[in-house]
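Undergrad: Right, I'll just put the structure down here and ask away after.
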Amino acid sequence: MNNGWINDSERDAFYKIVHARRDVRSFFKPDPVPSEALARVLRAAHHAGSVGYMQPWNFVVVEDPALRLKVKESFEKEKAEAALLFDEPKQRRYRSFKLEGILEAPVNLIVTCDSSRHGPQVIGRRSMPETDLYSTCLAIQNLWLAARAENLGLGWVSIVKPEDLHAIFGVPREITVVAYLCLGYVSEFPLEPDFERLGWLKRLPLKDLVFFEKWGDAKPSEGREDLPGLLGGEKK
Ligand SMILES: Cc1cc2nc3c(=O)[nH]c(=O)nc-3n(C[C@H](O)[C@H](O)[C@H](O)COP(=O)(O)O)c2cc1C
């Protein structure tokens, strides 16, 4: 970086990381994650934007196998219950999916949100109180991208009861558990999302998601006629 300017190869590296980021549930290796790499990833998370500079997050680094086993048990229960929401043959397919790497990933991380941080008046939160949670998600996205830059796989596990996580890890009731993440080196990074590869869902065409001037208006504004054609282009 030069006076804050990003040069072309740095820009390309950024987009490469964005497009190569994957939710990883398989392929975890037991190799330890060095503290230096973990610190870089956590520092990236901590440099996310947050409403009113609230920084509502905390991170719990979990490595104890006994604690992770308890989370895995909670996951199995939740996954079995969630399976019942699908009719056959989708239910059988859902059951077959690998949806976590809790025990295989050497590091698990809990990311929480403290809605009361810095007291009741935080700039920007009056109209949208939920921006504390949005901010925490930005920290998680930073963490996810930083992990990818470190060639660390990361998988988000939301198939677990928050109450179980509160109980297992002693998280106070007033703190929101936003994410349970599995982190570690991997033998490979899938090139596409698992759900795409498995034919469960497809990436939506971006051009169908972009409107012009008013909600639902797909007709490009003057001077933007070229944009829809560019939205499916190369990953840069
Ligand atoms: C809020 C959130 C919760 C998620 N929960 C799970 C989960 O419980 N299990 C799982 O396998 N993947 C989970 N994922 C990962 C998504 O399935 C994944 O991001 C999506 O399929 C796109 O794949 P990609 O991340 O590889 O691009 C979660 C992702 C997000 C953002």
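No value in this document is a laboratory result; all are computed from the given coordinates. Remember, predicted model here, so these are calculated numbers, not experimental data. Here the Cβ positions follow ideal geometry from the backbone for every residue, glycine too, while neighbour counts run over all protein chains shown.
Undergrad: Provide the percentage of antiparallel DSSP beta bridges, counting only those with both residues in the chain; round to the nearest 5.
TA: Around 95 percent of the beta bridges assigned by DSSP in the chain are antiparallel ones.
Undergrad: Kindly provide the helix-only [θ] at 222 nm of the chain, computed as the sum of -39,500 (n - 2.57) over DSSP H runs of four or more divided by all residues, to the nearest 500 deg cm²/dmol?
TA: Value at 222 nm, helices only, nearest 500: -11000 deg cm²/dmol.
Undergrad: At a 10 Å Cβ-Cβ cut-off, how would you order 136, 131, fewest neighbours first?
TA: 131, 136
Undergrad: Which pairs, out of 90/207; 16/98; 90/235; 77/161, put more than 21 Å between their alpha-carbon atoms? Write out the running numbers ahead of the final one.
TA: Details: 90/207 29 Å; 16/98 26 Å; 90/235 31 Å; 77/161 9 Å.
Check vs 21 Å cut-off fails for 90/207; 16/98; 90/235.
Undergrad: Given points 7 Å out from each Cα along the Cα-Cβ axis, report the residue 73 to residue 11 separation in nanometres with one decimal.
TA: With each label placed 7 Å out from Cα toward Cβ, I get 5.3 nm.
Undergrad: If neighbour count is taken as other Cβ atoms inside 10 Å, put 100, 78 in order from fewest to most.
TA: Working: 100 24, 78 17.
Going from least to most buried by this count: 78, 100.
Undergrad: Further question on the same structure: Classify region 191-236 as rounded, prolate or oblate, taking a ≥ b ≥ c as the square roots of the eigenvalues of its Cα gyration tensor: rounded when a/c is under 1.5, otherwise prolate if a/b is larger than b/c and oblate if not.
TA: oblate
Undergrad: So for the chain, considering every pair of alpha-carbon atoms, how many percent are separated by more than 29 Å?
TA: Tail fraction, whole percent: 41.
Undergrad: Let me ask another. I'd like the GluC sites (Glu not before Pro) in region 169-218 restricted to DSSP loop residues with at most 16 other Cβ atoms within 10 Å, sorted by number. Mind showing how you got there, number by number?
TA: Numbers: sites: 174, 188, 196, 213; in loops: 174, 188, 213.
Within region 169-218, the qualifying GluC sites (Glu not before Pro) (loop, at most 16 other Cβ atoms within 10 Å) are 174, 188, 213.
Undergrad: Take 137, 113 and order them by how many other Cβ atoms sit within 10 Å, fewest up front. Write down the numbers at each step before the final one.
TA: Numbers: 137 15, 113 23.
Going from sparsest to densest Cβ surroundings: 137, 113.
Undergrad: How about region 13-107: which trypsin sites (Lys or Arg not before Pro) there lie in a loop by DSSP and see at most 12 other Cβ atoms within 10 Å?
TA: Hits after loop and neighbour filter: 98.
Undergrad: What is the diffusion coefficient of region 1-139 in µm²/s, taking the Kirkwood radius over Cα pairs and the Stokes-Einstein relation at 10 °C with a viscosity of 1.306 mPa s?
TA: It comes out at roughly 86 µm²/s.
Undergrad: I've got another one for you. To the nearest 0.05, what FRET efficiency results for residue 94 and residue 208 with a Förster distance of 22 Å applied to their C-beta separation?
TA: Once the sixth-power term is evaluated, E becomes 0.25.
Undergrad: Still on this model: Could you point to the residue in 151, 195, 113 farthest towards the positive end of the chain's charge dipole, with +1 and -1 charges on the Cβ of Lys/Arg and Asp/Glu respectively?
TA: 195
Undergrad: With r as the distance between the Cβ atoms of residue 39 and residue 225 and R0 = 35 Å, compute the FRET efficiency 1/(1 + (r/R0)^6) and round to 0.05.
TA: 0.15
Undergrad: Same structure again: To the nearest 0.05, how large is the calculated FRET efficiency for residue 26 and residue 46 if R₀ is 22 Å and r is the Cβ-Cβ distance?
TA: So, using R0 = 22 Å, E works out to roughly 0.15.
Undergrad: Placing unit charges on C-beta atoms (Lys and Arg positive, Asp and Glu negative, everything else neutral), compute the dipole magnitude of the chain about its Cα centre in debye, rounded to 20.
TA: For this selection, approximately 180 debye.
Undergrad: Counting only C-alpha contacts under 8 Å and six or more residues apart, can you give the relative contact order of the chain as a whole percent?
TA: Dividing the mean separation by the residue count of the chain yields 30 percent.
Undergrad: In addition: Can you tell me the length gained on complete extension of the stretch residue 81 to residue 174, counting 0.36 nm per residue apart and subtracting the Cα distance?
TA: Additional length available on full extension: 30.9 nm.
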